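The values are calculated or read from the model by the stated rules, or taken from the named source; none is laboratory data. Just so it is clear, the structure is predicted and the values come from calculations on it, not from any experiment. Note: ideal-geometry Cβ built from the backbone for every residue, glycine included; neighbour counts use all protein chains shown. In case anyone asks, the SASA skips ligands and DNA or RNA and just uses the protein heavy atoms, side chains included. Shrake-Rupley method; radii C 1.70, N 1.55, O 1.52, S 1.80 Å.
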Amino acid sequence: MKYCVLVFILIVFIRSLPAVELLKNGDFETADITGWRYWETYPWDGDGAPVELPTHLTIAFPGNIGIPMPPSTSGFFALTQQVGSGGTARGGLYQEVKVIVNTPYVLTGYVSFYGDDIGDIAIIGILDSSWNPALTYTAVNRYYIGGNAISPWVEFSLVIIPSKEVITVFTETRQDWLHGRVAGWYDNLSLKPVPEPTKLFLSHNPIR
């Protein structure tokens, strides 16, 4: 009987252990991009035509375009990537993370979006590699909201089984036309190993 109680306590303890958080500053409560790196394609034109009016993507804490309600999903701050003038822009943040090959990881969080043209888009994704902005176009593991739309906070979940020892979590916001405003909002981003089912191998002859 004592043995059974001990096993039960052990199972509860193991299942209650929190998975290790791998992202730095995923909730952006530092009110800056600590732990992340900024990237931008400039000049850029989403239509592939000659760039007539390039503009820059701005990182803001807090943003002032398409403010969702509430302005953050928890705490005081959320990441805002926004363009407040006409022109084409593409950029965001990225963070490289060391992982174990062939081990599943899950990226979770929230995204909100404001766009005034069909070419506007906000993306959150994972590259199965170190950072390479050219790979974001073909990344399999990504979630996006786009178009002439206003979206409240949407919860997402992305799973990756890496084939390399470094993966990259990235955000991206685009404005690929001459319309005036776009904003991608991101909050509570978290990358953790997927917990495996608890496996306990019990002896056929437990010590009593």
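Here are a few things to note about the model shown:
- Test for Val97: is it under 27 Å from Asn148 (Cβ atoms) and under 18 Å from the mean Cα position of the chain (by Cα): no
- Restricting region 22-54 to residues that are at pLDDT 95 or above and among the hydrophobic types (A, V, I, L, M, F, W, C), the residue that is nearest to the chain's Cα centre (by Cα) is Leu23.
- Applying the criterion of being surrounded by 16 or more Cβ atoms within 10 Å (Cβ to Cβ) and free of Cβ contacts under 8 Å to residues at least 60 places away in the same chain to the residues of region 157-193, the residue that is nearest to Pro54 (Cα to Cα) is Leu158.
- Region 44-72 residues that are under 16 Å from Asp187 (Cα atoms), paired with ones that are open to solvent by 70 Å² or more (accessible area, probe 1.4 Å) (beta carbon under 6 Å, 6 or more apart): Ile65/Arg181; Pro68/Pro152; Pro71/Pro62
- Screening region 56-71 for residues that are of a type in the set (Gly, Ala, Ser) and surrounded by fewer than 22 Cβ atoms within 10 Å (Cβ to Cβ) and picking the one that is farthest from the chain's Cα centre (by Cα) gives Gly66.
- Scan region 34-81 for residues that are closer than 25 Å to Asn132 by Cβ, part of a loop (DSSP other than H, G, I, E, B) and of a type in the set (Asp, Glu) and the total you get is 2.
- Positions within region 84-141 being over 14 Å from Ile160 (Cβ atoms), assigned to a strand (DSSP E or B) and of a type in the set (A, V, I, L, M, F, W, C), in sequence order: Ala89, Leu93, Val111, Phe113, Ile121, Ala122, Ile123
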